[in-house]
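To start, the structure under review is shown below, and the notes come after it.
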Amino acid sequence: MFAVVVTIEVAPGRMADFKPAMIENARASLGEPACHRFDVATDPDRPDEIFLYELYDDAAGFEAHLATPHYKTFDRLTSDMIASKQVRTYSVVEG
């Protein structure tokens, strides 16, 4: 498995627009053959932050996700709503 964790700092005043687009993208992602999980999380103590946990078969599955029409639409629609974004990836350690 290949895990992707993303922390997004949404621009002030933009969360009401960003969150529905993020949730729609997550739902569409779950229909991808290599995507097993796509969680969207928030914390009331950090109202402008979104945390994503995504799980794919492998790195190629994540790359395929980035090439989907729904992701490209989401990215285009929300790029000006994002103040910062940190993406980290992890491969499951067998053993």
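The values are calculated or read from the model by the stated rules, or taken from the named source; none is laboratory data. Note that the structure is a prediction, hence the values are computed from the model and not measured. Heads up, the Cβs are rebuilt from the backbone with ideal geometry, glycines too, and the neighbour counts pull from every protein chain shown.
The single condition among (1) over 23 Å from Leu77 (Cα atoms); (2) of a type in the set (A, V, I, L, M); (3) not in a strand (DSSP E or B) that Leu55 does not meet is (3).
In the range 79-89 there is no residue matching the filter, namely being in contact (Cβ under 8 Å) with a residue 12 or more places away in the chain, in contact with an Asp or Glu (Cβ under 6 Å, 6 or more places away or on another chain), closer than 22 Å to Met1 by Cβ and not β-branched (Val, Ile, Thr).
Got at least one residue in the range 36-47 being polar (S, T, N, Q), surrounded by 14 or more Cβ atoms within 10 Å (Cβ to Cβ) and either over 13 Å from the mean Cα position of the chain (by Cα) or more than 16 Å from Glu9 (Cβ to Cβ) (or both)? No: zero hits. With respect to Leu77, determine if the residue is more than 13 Å from the chain's Cα centre (by Cα) and either assigned to a strand (DSSP E or B) or modelled with pLDDT of 95 or more (or both). When the stated conditions are applied, Leu77 passes them.
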